[in-house]
1. With the checklist (1) among the β-branched types (Val, Ile, Thr); (2) open to solvent by less than 50 Å² (accessible area, probe 1.4 Å); (3) closer than 22 Å to GLY145 by Cα in hand, flag the one item VAL59 doesn't pass.
2. Out of all the residues in segment 25-42, is one or more basic (Lys, Arg), crowded, with 18+ Cβ neighbours inside 10 Å, in contact with a helix residue (DSSP H, G or I) (Cβ under 9 Å, 6 or more places away or on another chain) and over 17 Å from ARG176 (Cα atoms)?
3. For segment 5-58: of the residues being among the polar types (S, T, N, Q) and part of a loop (DSSP other than H, G, I, E, B), which is farthest from SER126 (Cα to Cα)?
4. For the structure I just gave you, tell me whether ILE50 is of a type in the set (Val, Ile, Thr), out of contact with any Lys or Arg (no Cβ under 6 Å at 6 or more places or on another chain) and surrounded by fewer than 18 Cβ atoms within 10 Å (Cβ to Cβ).
5. Got a number for residues in segment 25-59 being more than 20 Å from the chain's Cα centre (by Cα) and closer than 27 Å to SER135 by Cβ?
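The values are calculated or read from the model by the stated rules, or taken from the named source; none is laboratory data. Note that the coordinates shown come from a computational prediction; the quantities given were computed from them, not determined experimentally. Because the Cβ atoms are built from the backbone with ideal geometry, glycine has one as well, and the counts that use them run over all protein chains shown. Areas reflect the complete protein model, heavy atoms only, side chains present, ligands, DNA and RNA absent. Shrake-Rupley method; radii C 1.70, N 1.55, O 1.52, S 1.80 Å.
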Amino acid sequence: KNLEIILVNDGSTDKTKDICEQYAKKDSRIIVFHKQNEGVSKARNYAINIMKGNYCIFVDGDDWLSLDFVEELYDQYQADGVDMVFANHIIIDDTGRQRRCVYPYKKNQLFDRKSAIIDFLNNSVSTAGRLYKKSMIDKHLFPEGIKIAEDEITARDILLEVMSIGFNQHALYYRRE
């Protein structure tokens, strides 16, 4: 119940605006902003600057979360006392078929900074599907003007600062490739 969902429509030319507005009418926790297309980094930074909560999760526009994603990650974050938590991702192909999980780990676990950086380099450089403290994100906004893999820079900078990271073995984030 204690959730703020910010949808930033970054100049979409399809029916995104209408879809966002329909969701906002169904759920008062959803806030929609429509802006001129300026790129994903500016859209994310815009949301960071207006959000009111203490924690932040990014979801890419073509991906989706399991219904209990936020609750599971927040509960694990609280229980483990870590700086960040991430869940396993399921890769979905163009036909909608589940292909594989991104992370090879079979149980929940904790990473120190060095292990987290190794995982980052081996498995996924995305900032999506992770729970962050807003204070950490505020220090590492997304670089504007970069069109591909812009979140890799932000993810790297955050990893250089964290002391510990929790991993949730459940495949809670669905990533379309």
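1. Result: VAL59 fails condition (2) only.
2. Within segment 25-42, none of the residues are basic (Lys, Arg), crowded, with 18+ Cβ neighbours inside 10 Å, in contact with a helix residue (DSSP H, G or I) (Cβ under 9 Å, 6 or more places away or on another chain) and over 17 Å from ARG176 (Cα atoms).
3. SER28
4. Yes; evaluated as a whole, the condition is true for this residue.
5. Here the count works out to 3.
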